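*Asks:* Here it is, the structure in full.
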Amino acid sequence: METASSFLASGDNVFKFLLTMCIGTILFNIIYPTDKIREVEIRRSELNYKLNVINNESRTLFDEVKKLKRLEDKLSDLSSSVNAGFLKKLESFDLKYELLTKKDYEIEHLRKLIDISEDELDFYSSFRFWSYYPSMAIGLLSLIFWIKFYLKSQKMDED
């Protein structure tokens, strides 16, 4: 108990402690959010790449589905005179349409993931801002009070 009371009675140690804790907090606030922001930006970049690839595939599939649908509409009346190989190609319409629907769902999912990444970026950016500056202010105040306390104790030692 004596060491705790002597520690608190000595302003020198309290201000050193506060300053040390603030320096640690400032370092944490610089390293952690910056690392997380970089990580989220990499993930967002990968998601955007996947989204672009799927968009291109989806456009290609959409064009093929449109062509097949037109052919199917034109040849629905002539089904008796069309060969079996051509009909098989028209049957691929359903498969491509299902694939196009799946691609649309994937695009929607990737957009939601990108929105979540944007929210994470906003959170870590605000976390860095709102935790860094208060720590900096407390650290500067601790340094100022420690210097004042140290100068006052030096002055008392001289007298």
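The values are calculated or read from the model by the stated rules, or taken from the named source; none is laboratory data. This one's a predicted model, so the numbers in the text were calculated from it and none came from an experiment. Neighbour counts run over all protein chains shown; Cβ positions are idealised from the backbone, glycine included. These accessible areas exclude ligands, DNA and RNA; they are computed on the full protein's heavy atoms, side chains included. Shrake-Rupley method; radii C 1.70, N 1.55, O 1.52, S 1.80 Å.
*Asks:* Could you grab me the full set of residues in region 100-112 that are surrounded by fewer than 16 Cβ atoms within 10 Å (Cβ to Cβ) and out of contact with any Ser or Thr (no Cβ under 9 Å at 6 or more places or on another chain)?
*Replies:* The answer is Thr101, Lys102, Tyr105, Glu108, His109, Arg111, Lys112.
*Asks:* If you don't mind, there's one more thing I want to ask. In region 45-75, which residues are closer than 18 Å to Ile107 by Cα and basic (Lys, Arg)?
*Replies:* Within region 45-75, Lys50, Arg59 qualify.
*Asks:* Given (1) modelled with pLDDT under 80; (2) surrounded by fewer than 12 Cβ atoms within 10 Å (Cβ to Cβ); (3) among the aliphatic types (A, V, I, L, M); (4) over 30 Å from Lys112 (Cα atoms), identify the lone condition not met by Leu95.
*Replies:* (4) is the only condition that Leu95 fails.
*Asks:* Within region 99-141, can you find the residues that are in contact (Cβ under 8 Å) with a residue 40 or more places away in the chain and aromatic (Phe, Trp, Tyr)?
*Replies:* Within region 99-141, Tyr124, Phe127, Tyr132 qualify.
*Asks:* On the basis of being open to solvent by 80 Å² or more (accessible area, probe 1.4 Å), at pLDDT 90 or above and out of contact with any helix residue (DSSP H, G or I) (no Cβ under 6 Å at 6 or more places or on another chain), does Ile31 make the cut?
*Replies:* So Ile31 fails the test.
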